[in-house]
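The values are calculated or read from the model by the stated rules, or taken from the named source; none is laboratory data. Note that this is a predicted model, so its numbers are computed, not measured. Counting neighbours? That spans all protein chains shown, and the Cβs are built from the backbone with ideal geometry, glycine included.
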Amino acid sequence: MSKLIKTIERVIEEQDIQFVSFDVFDTLVFRKVAKPTSIFAEAFKDVSTTQSGGMSPGEYEELRHYAEIRCKQKSASSEVSLEQIIDSLPFDLTLRQSLLAAELAAEQRFGFIDKDLKALILQLVANNNLKVVFISDMYLSAQQIRDCFFSQEPELKDIPLFVSSEQGVSKSSGGLFKVVSKQANQAYDTWLHIGDNLVADIKNAGLFGIHTVHVGPEFDVKSIQNAESKLFSSQCHFNALRHITSTHQPENAQAGAFQLASFIWGPALLSFCDWIIDKAIARQVSTVLCLMREGEVFAPLIQKRLAQRNIGGFRVIKLYVSRKSTFWPSVDTTTKQWFADLIDIYIKRRGYSVANFYSDFMLEADDVLAEFNNVEFRTADSVYVGDCSLLSLLSERAESVKNAVKNRIDTEKRYLQQYVASVAGVSLSECITVDLGNGGTIQNHLELALNKRAAGNLLFYSTNRIYDRIATCYESFIGAHNDQYNLRRLLWRSPECIESFLLGNTGTTLFYDENAEPVLGLPTSQNEHVVESFYQGAEAFFEQFYRYGFNTINDSDVIVILARFLRLPTQKESKVYTGLYHQDNFGADQTYPVVSEQQIEEVKRLGIDSVIDRFYQHEQWQIGKLHWPQAICSLLDAHLLYRREGLVLNDNNQNIERLIAILEERRWPEFTVCGGGIFFEQFYQAASAQAFKVERIVDRKAEINGQYELCGHEVLSLKQALLSGSRRFAITSFAFKDEIAKNIYSLSVELGMAEKIEIISL
């Protein structure tokens with residue numbers, strides 16, 4: 001049972017609730033489309049468009065969306081029906097009738113119900129001490145909603161349903177709660193309302209004293225999906241499923257980690273698993289080897305998808321190998337240059353210390369080690385011990401134990417070969433290997449150590465590092481063939497954004513013992529709860545995907561989700577990484593927080609705008625020091641990244657809250673609004689619900705075409721408003737706010753009332 005269901009049950013019991021109302025859309029009812037307006041495009045596809053001037057479904061979707069807005073603006077109550085919206089379209093009667101029928105058919109075809117919430121509702125309906133109703137701000141009528149979404153749900157179909165389009169008032173204005181209270185003869189203090197909209201369902205209901213429970217993820221999913229849509233042209237048909245899965249998190253899960261998996265990485269991992277399965281089927285290979293610690297996640301998820309797709313005959317094996325455990329066995333000691341090449345590899349390795357060198361080459365501890373143990377080996381040629389460089393001295397000492405090193409390599413190669421043979425049971429050539437990426441090092445090491453080529457080496461993502469190992473062939477889920485938005489480079493630059501979860505509960509493989517068994521390092525114990533919550537989120541998404549009959553997720557959808565995540569992490573997403581630690585996957589020599597206080601302080605010192613500018617100019621800037629600069633900047637300023645992309649001004653809900661906060665700060669109970677556009681309607685409903693009074697509306701159209709009515713108010717010219725007594729103005733137009741403010745001051749000076757004028761805007 002999810003935390004949400006338990007919360008609802010607890011509130012009902014503790015508050016002696018007698019009346020429970022549920023919002024309908026995005027609480028109980030969802031659609032299998034990218035966003036609600038996508039229904040319009042789907043409807044248009046089913047209609048003959050010979051009379052529409054060759055309009056595309058996408059164009060119709062936009063037309064239908066704005067037709068609804070215009071109809072609401074012309075309505076005194078701002079409430080309209082579907083029939084009124086369709087009748088306003090610029091088509092003949094026959095086509096309009098077809099579009100009306102097609103939209104209702106599309107709603108029925110793509111709509112589905114949250115099964116967990118449905119089960120709860122049926123449980124509540126069976127309770128004789130409770131009355132259950134539905135409440136919805138919607139242009140569909142109650143009968144249309146029942147026919148579209150509850151036609152196969154007789155128990156839900158009989159539940160009373162109050163709809164704003166029929167009642168003439170909405171939850172957004174607060175009026176619908178009054179109507180329900182009156183018609184149901186229900187007091188507010190024993191009423192529980194459940195819904196997804198933080199303003200209409202939670203804040204507005206709370207103003208009446210109604211108890212509330214919010215339905216939805218803790219993440220700012222509206223900002224996330226707005227960015228996915230507007231910056232990356234997202235068309236993820238499974239968005240509703242992301243929402244439902246994230247909503248029903250277990251009570252014991254760490255919310256941020258669970259939702260990172262259920263909303264972001266779950267879809268990516270599911271698509272990746274399907275890709276792996278399809279590759280194995282195409283090659284007629286039945287053994288899949290999941291490498292390294294990622295196998296702890298990949299293997300059970302692949303098995304889950306095989307079961308869901310009803311595919312048998314596959315063996316999915318977790319193969320405990322790492323860059324460290326396969327490195328020595330992969331060295332070919334039959335070549336002339338093997339030892340020099342070995343030294344050269346270590347010179348290029350970032351973070352490899354003199355102490356590591358002593359350990360790997362089995363050198364006895366001495367004064368040199370004591371003095372230089374923390375020095376990076378790659379800088380040893382610039383450090384001197386007397387007249388000799390440290391690099392020369394260490395190379396000479398390593399040369400003296402060359403035979404011992406060779407014996408070690410031969411032994412470790414034999415142990416690895418025995419381990420793989422015992423676990424896989426077949427030759428590597430009959431297996432597909434799976435790894436996260438990005439350079440395919442382990443797969444290359446395996447092929448060299450076993451002297452066999454795998455049937456396929458699959459990576460979640462790759463960079464051009466794979467071409468350093470030209471003898472090994474790779475295929476990438478996200479690779480050169482489909483990379484967009486610089487995603488592969490961003491994953492390479494900040495791998496901690498996913499590796500830390502995939503590596504969290506299992507220590508890296510250090511080597512193989514005399515029994516050819518893997519010896520593991522210590523796991524990162526700090527990660528235990530957060531990583532387990534991530535696993536729960538990924539599994540939950542897989543289960544819900546299958547439960548609701550979804551079929552596939554395209555790699556293009558995955559790229560959109562991950563590109564947004566890496567480039568524009570929200571503050572709540574970023575917060576998860578302050579409690580997440582990353583373990584060096586080569587040797588487990590160091591464990592470090594992905595986002596630390598030291599990193600945060602460094603970004604503060606440099607200035608977050610400067611940090612982002614420098615990062616975009618050169619993505620390798622501060623690599624290894626600032627592991628994920630975008631996440632740190634979001635922690636310091638929740639809206640910085642979205643502001644730079646021009647997305648904050650497009651978020652009406654957020655801007656409404658900001659404008660209302662200014663009104664509360666100024667203590668304006670009554671004011672005149674300037675700007676009667678799209679934003680005004682939503683603002684007006686929210687302001688009215690919170691007891692603010694709009695005395696007049698000003699719009700330049702009134703000067704051109706004369707007075708007209710909007711939301712039950714006469715729209716005036718600026719001069720008419722000033723002469724009628726308006727002195728406090730709230731500007732609800734972003735595009736012309738400076739111009740409007742200048743006009744107000746100029747005209748007020750001309751009329752001799754400038755000293756009394758007050759203006760607020762965003």
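The residues of region 606-630 that are in a helix (DSSP H, G or I) and under 17 Å from HIS582 (Cα atoms) amount to a single one, PRO629. Of all residues in region 432-458, those that are over 19 Å from LYS413 (Cβ atoms) and acidic (Asp, Glu) total 1. Close Cβ contacts (under 9 Å, 6 or more residues apart or on different chains) running from residues in region 541-567 that are more than 18 Å from ALA240 (Cα to Cα) to residues that are basic (Lys, Arg) comprise LEU566/ARG493. Restricted to region 170-203, and to residues there that are assigned to a loop (DSSP other than H, G, I, E, B) and more than 36 Å from the chain's Cα centre (by Cα), the residue that is surrounded by the most Cβ atoms within 10 Å (Cβ to Cβ) is GLN186. One residue alone among SER330, SER359, SER392 is farther than 21 Å from ASP410 by Cβ, small (Gly, Ala, Ser) and out of contact with any strand residue (DSSP E or B) (no Cβ under 8 Å at 6 or more places or on another chain), and that residue is SER392.
Criterion first (of a type in the set (Asp, Glu) and closer than 28 Å to ASN239 by Cβ) does ASP92 satisfy it? So ASP92 fails the test.
Pairing each residue of region 610-626 that is free of Cβ contacts under 8 Å to residues at least 40 places away in the same chain with any residue that is part of a loop (DSSP other than H, G, I, E, B) and aromatic (Phe, Trp, Tyr), provided the two are 6+ apart or on different chains, yields C-beta distances under 9 Å for VAL611/TRP621; ARG614/TRP621; PHE615/TRP621.
Determine whether region 63-70 contains at least one residue that is without any contact (Cβ under 8 Å) to a residue 60 or more places away in the chain, closer than 19 Å to GLY168 by Cβ, surrounded by fewer than 20 Cβ atoms within 10 Å (Cβ to Cβ) and in the same structural domain as LEU117 (by TED's automatic domain parsing). Yes - at least one qualifying residue is present in region 63-70. Residues that are buried (at least 21 other Cβ atoms within 10 Å of the Cβ), touching a Lys or Arg at 6+ places or on another chain (Cβ under 7 Å) and more than 15 Å from LEU192 (Cβ to Cβ) within region 204-231 comprise PHE219, ILE224, ALA227, GLU228, listed in sequence order. When you go through GLU755, GLU703, GLU739 one by one, which is the residue that is surrounded by 13 or more Cβ atoms within 10 Å (Cβ to Cβ) and of a type in the set (Asp, Glu)? Matching residue, one of GLU755, GLU703, GLU739: GLU703.
If you check GLY54, GLY58 for being at pLDDT below 95, assigned to a loop (DSSP other than H, G, I, E, B) and in the same structural domain as GLY174 (by TED's automatic domain parsing), only one passes: GLY54.
LYS406 passes every criterion in (1) farther than 23 Å from GLU447 by Cα; (2) at pLDDT 90 or above apart from (1). Whenever a residue of region 660-674 is among the polar types (S, T, N, Q), its partners that are surrounded by fewer than 17 Cβ atoms within 10 Å (Cβ to Cβ), lying with C-beta atoms within less than 7 angstrom and at least six residues away or across chains, give the pairs THR672/GLU695. Within region 702-730, the residues that satisfy the criterion of being modelled with pLDDT under 90 and closer than 21 Å to ALA687 by Cβ are ALA702, TYR708, GLU709, LEU710, CYS711, GLY712, HIS713, GLU714, VAL715. The set of residues in region 679-700 that are crowded, with 16+ Cβ neighbours inside 10 Å, outside any strand (DSSP E or B) and not hydroxyl-bearing (Ser, Thr, Tyr) comprises PHE679, PHE680, GLU681, GLN682, PHE683, GLN685, ALA686, ALA687, ALA689, PHE692, ASP699, ARG700. Kindly check whether there is at least one residue in region 72-79 that is more than 34 Å from the chain's Cα centre (by Cα), basic (Lys, Arg) and part of a helix (DSSP H, G or I). Yes, the conditions are met somewhere in region 72-79. Within region 143-158, identify whether any single residue is buried (at least 20 other Cβ atoms within 10 Å of the Cβ), charged (D, E, K, R) and touching a residue at least 24 places away in the same chain (Cβ under 8 Å), and answer yes or no. Checked against the condition, which is being buried (at least 20 other Cβ atoms within 10 Å of the Cβ), charged (D, E, K, R) and touching a residue at least 24 places away in the same chain (Cβ under 8 Å), region 143-158 yields no hits at all.
Candidates are the residues of region 501-536 that are among the small types (Gly, Ala, Ser) and touching a Phe, Trp or Tyr at 6+ places or on another chain (Cβ under 7 Å); the one that is modelled with the highest pLDDT is SER533.
Give the residue that is nearest to LEU510 (Cα to Cα), with candidates limited to residues of region 350-386 that are assigned to a loop (DSSP other than H, G, I, E, B), charged (D, E, K, R) and free of Cβ contacts under 8 Å to residues at least 60 places away in the same chain. The extreme case among them is GLU364. State whether the residues of region 727-739 include one that is over 12 Å from GLY675 (Cβ atoms), part of a loop (DSSP other than H, G, I, E, B) and assigned by TED's automatic domain parsing to the domain that holds PHE671. Yes, because at least one residue in region 727-739 is over 12 Å from GLY675 (Cβ atoms), part of a loop (DSSP other than H, G, I, E, B) and assigned by TED's automatic domain parsing to the domain that holds PHE671. When the test is whether a residue is part of a helix (DSSP H, G or I) and among the hydrophobic types (A, V, I, L, M, F, W, C), ALA299 passes it. The single condition from (1) in contact with a Lys or Arg (Cβ under 9 Å, 6 or more places away or on another chain); (2) surrounded by fewer than 19 Cβ atoms within 10 Å (Cβ to Cβ) that VAL133 fails is (1).
State which residue is nearest to ILE39 (Cα to Cα) when the search covers only region 66-97 and only residues that are among the hydroxyl-bearing types (Ser, Thr, Tyr) and modelled with pLDDT of 95 or more. Ranking the qualifying residues of region 66-97, first place goes to SER81.
Annotation: GLN484 fulfils all but one of (1) surrounded by fewer than 19 Cβ atoms within 10 Å (Cβ to Cβ); (2) closer than 30 Å to LEU269 by Cα; (3) of a type outside the set (Gly, Ala, Ser); (4) touching a Leu at 6+ places or on another chain (Cβ under 9 Å); the unmet one is (4).
Could you check, for region 26-43, whether at least one of its residues is out of contact with any Leu (no Cβ under 6 Å at 6 or more places or on another chain), in the same structural domain as VAL180 (by TED's automatic domain parsing) and farther than 24 Å from HIS237 by Cβ? For region 26-43, residues out of contact with any Leu (no Cβ under 6 Å at 6 or more places or on another chain), in the same structural domain as VAL180 (by TED's automatic domain parsing) and farther than 24 Å from HIS237 by Cβ: absent.
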